[in-house]
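Pasting a structure here, questions to come.
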Amino acid sequence: GAGRIDIGKSSLAPLTFDESAANYAASTGDALNAIHLNVPSIDAPVLPGRIVTTRTARNVTGARATFDVSTKVPAGSSIQVSPSHFTLSAGASQVLTVTITTSAPIGAQQFGEIRIKRANSAQKAHLPVAWIHTQGTVALTQSCAASQLQVGAETTCTATATNNSFDDATVDLDTFSSSNLSIVGASGANVVDSHHASLQDVVLAGASAGVPSVDDGELFGYIPLDAFGVTPISIGDEQIINFNVPGYLYNGVTYDRIGVDSNGYVIAGGGTAEDNNCCNLPSGASPAPPNNMLAPFWTDLDGTGAPGIYASTLTDGVNTWLVVEYRVNVFGTNSLRTFQTWIGLDGTQDITYAYAAAQADPGQPFLMGAENENGEGDMTATLPATDQRVTSTDPTPGASASYVVTIRGTAKGTGTVTTEMGASSVPGTTIETSSIEVIKR
């Protein structure tokens, strides 16, 4: 990454970094590469087992100086920095390679620290380090048929990589055994030596999202939310409001956030300013944003001077729905449009559009329909005369690669079988380890 860490400006040793690098990370949200930006901290929100990054430190003490590196780390994790001892001339720089490894519980947020101290001086620098042990969009599993073996006996261990993303991924898989366990065979992988099997450069196709379509279909019809005491939320022109909501299923994906756009559509998973479009409507379903949308009546609408948005959950005693109701005007008029999106919250896709009345031509471009996150779906310039139901095709799961290694116990003691995976879409190395105890006959 760009920039540098300056060591030793004063007894407090302030750290400076390249502002543009930090802004780049914030603006791109690049989970694969943001960790490598040369800022005076390290954050790994996805650390699947091990990750390696670098930081470049520059001596600004004005004199030749020697530095020692130490780390502070919680149990179940480690931070290694290389070199841990170095000498720099005034103004010279040193690349520090940082390796973070964790076997902490999945989902656990952990914090550590890298300390860089000038020898024979109070000058020192601190780099905070944070990580969450979690697998990425390509998941790795490993299971062994037995957890205990007699010396000379054999068992099998199976490693599987599964692509859970919508993009293709290339994976490399390596299985290692400890000294008292030998790999004597493999199915679906290559045996490199008695303690190493490998499967390299496997392309796993990504999953395919379900594709929505919209047809006539009614649930309860239009039921005004203010009849239940729900108060309106003001919304203006070209505005999007995001809500955290109970989990709901759309196109085979579960979301717990929704974006409500003033122009008559909602975004599954929430939206940003990029998802607002009043006046440049496509001719139908389109990969251009907004996507992942439910559009009961998409046109140039304005909540200014109108009641606005109502949002609540309703139940019939058995099932529950999130209901988003619009009471907004066609832009530049007092033509009030009232309609709702009903979204089931009970683990299956159950989505309908309900209208207080058949929609009249707004006198400007309009669409009604639904799209998945790739912009595939059903979007037409059809004035809805009756309520509509959104259904979706089943999503297609991403591809998997699997192999089986045969393990033989060779000496008494507790051994391990460890599979490591590198994936093009996952930062760092995913690690899964199984323990096998070898006992005497």
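The values are calculated or read from the model by the stated rules, or taken from the named source; none is laboratory data. Remember, predicted model here, so these are calculated numbers, not experimental data. Here the Cβ is made from the backbone with ideal geometry for all residues, glycine too, and neighbour counts use every protein chain on show. SASA here: full protein model, heavy atoms, side chains in, ligands and nucleic acids out. Shrake-Rupley method; radii C 1.70, N 1.55, O 1.52, S 1.80 Å.
Hey, among the residues in segment 122-143 that are touching an Asp or Glu at 6+ places or on another chain (Cβ under 7 Å) and closer than 20 Å to Met421 by Cβ, which one's most open to solvent (accessible area, probe 1.4 Å)?
Thr141
Still on this structure, please answer the following. Looking only at segment 59-87, count every residue that is surrounded by 17 or more Cβ atoms within 10 Å (Cβ to Cβ) and either in contact with a strand residue (DSSP E or B) (Cβ under 6 Å, 6 or more places away or on another chain) or under 21 Å from Ala130 (Cα atoms) (or both) and tell me the total.
Restricting attention to segment 59-87, the residues satisfying the condition of being surrounded by 17 or more Cβ atoms within 10 Å (Cβ to Cβ) are 59-61, 65, 67, 69, 71, 73, 77, 79, 81, 86.
Narrowing the set further to residues that are either in contact with a strand residue (DSSP E or B) (Cβ under 6 Å, 6 or more places away or on another chain) or under 21 Å from Ala130 (Cα atoms) (or both) leaves 59-60, 65, 67, 69, 71, 73, 77, 79, 81, 86.
Adding up the residues that qualify gives 11.
Please tell me if Tyr403 is assigned to a strand (DSSP E or B), among the hydroxyl-bearing types (Ser, Thr, Tyr), within 25 Å of Tyr310 (Cα to Cα) and open to solvent by less than 20 Å² (accessible area, probe 1.4 Å). Steps first, answer last, please.
On the way: assigned to a strand (DSSP E or B): yes; among the hydroxyl-bearing types (Ser, Thr, Tyr): yes; within 25 Å of Tyr310 (Cα to Cα): no; open to solvent by less than 20 Å² (accessible area, probe 1.4 Å): yes.
So Tyr403 fails the test.
Could you count how many residues in segment 376-400 are modelled with pLDDT under 95 and at positive phi?
Residues in segment 376-400 being modelled with pLDDT under 95 and at positive phi: 0 in total.
Also, I was wondering about something else. Considering every residue within segment 140-161, establish whether at least one is more than 24 Å from Ser182 (Cα to Cα), touching a residue at least 40 places away in the same chain (Cβ under 8 Å) and not charged (D, E, K, R).
Within segment 140-161 (the criterion being more than 24 Å from Ser182 (Cα to Cα), touching a residue at least 40 places away in the same chain (Cβ under 8 Å) and not charged (D, E, K, R)), the answer is no, since none of the residues qualifies.
Got a sec? Which of Ala146, Ala119, Ala169 is over 20 Å from Asn38 (Cβ atoms), of a type in the set (A, V, I, L, M) and loosely packed, with under 14 Cβ neighbours inside 10 Å?
Ala119
If I filter segment 172-198 down to residues being part of a strand (DSSP E or B) and among the small types (Gly, Ala, Ser), which single residue comes out as surrounded by the most Cβ atoms within 10 Å (Cβ to Cβ)?
It comes out as Ala197.
Over 30 Å from Ala159 (Cβ atoms) and open to solvent by 10 Å² or more (accessible area, probe 1.4 Å): is that true of Gly375 in this structure?
Judged against the criteria, Gly375 is not a match.
Next up: So how many residues does segment 282-303 have that are touching a helix residue (DSSP H, G or I) at 6+ places or on another chain (Cβ under 6 Å) and open to solvent by less than 10 Å² (accessible area, probe 1.4 Å)?
Within segment 282-303, residues that are touching a helix residue (DSSP H, G or I) at 6+ places or on another chain (Cβ under 6 Å) and open to solvent by less than 10 Å² (accessible area, probe 1.4 Å) number 1.
Here's a follow-up. How many residues are of a type outside the set (Val, Ile, Thr) and in a loop (DSSP other than H, G, I, E, B) if we restrict to segment 350-400?
Summing the residues that are of a type outside the set (Val, Ile, Thr) and in a loop (DSSP other than H, G, I, E, B) in segment 350-400 gives 27.
Shifting gears a bit: Collect the residues in segment 257-268 that are under 23 Å from the mean Cα position of the chain (by Cα) and either crowded, with 20+ Cβ neighbours inside 10 Å or in contact (Cβ under 8 Å) with a residue 40 or more places away in the chain (or both), keeping them in residue-number order. Let's see the steps before the verdict.
Keep residues of segment 257-268 that are under 23 Å from the mean Cα position of the chain (by Cα), which gives 257-260, 266-268.
Within segment 257-268, Ile258, Gly259, Val260, Val266, Ile267, Ala268 qualify.
Taking Asp216, is it at positive phi and loosely packed, with under 14 Cβ neighbours inside 10 Å?
It is false that Asp216 is at positive phi and loosely packed, with under 14 Cβ neighbours inside 10 Å.
Looking only at segment 307-334, which residues are surrounded by fewer than 20 Cβ atoms within 10 Å (Cβ to Cβ), among the small types (Gly, Ala, Ser) and more than 30 Å from the chain's Cα centre (by Cα)?
Gly317, Gly332
Moving to a separate point now. Tell me which residues, restricted to segment 406-429, are buried (at least 16 other Cβ atoms within 10 Å of the Cβ), under 22 Å from the mean Cα position of the chain (by Cα), of a type in the set (Ser, Thr, Tyr) and outside any strand (DSSP E or B).
Across segment 406-429, the qualifying residue is only Ser425.
For residues that are of a type in the set (S, T, N, Q) and under 21 Å from Asn38 (Cα atoms), scanning just segment 92-109, find the one that is least open to solvent (accessible area, probe 1.4 Å).
Result: Thr99.
Give segment 337-370 a look and list any residue that's farther than 18 Å from Phe220 by Cα and of a type in the set (D, E, K, R), or say none.
Arg337, Asp361
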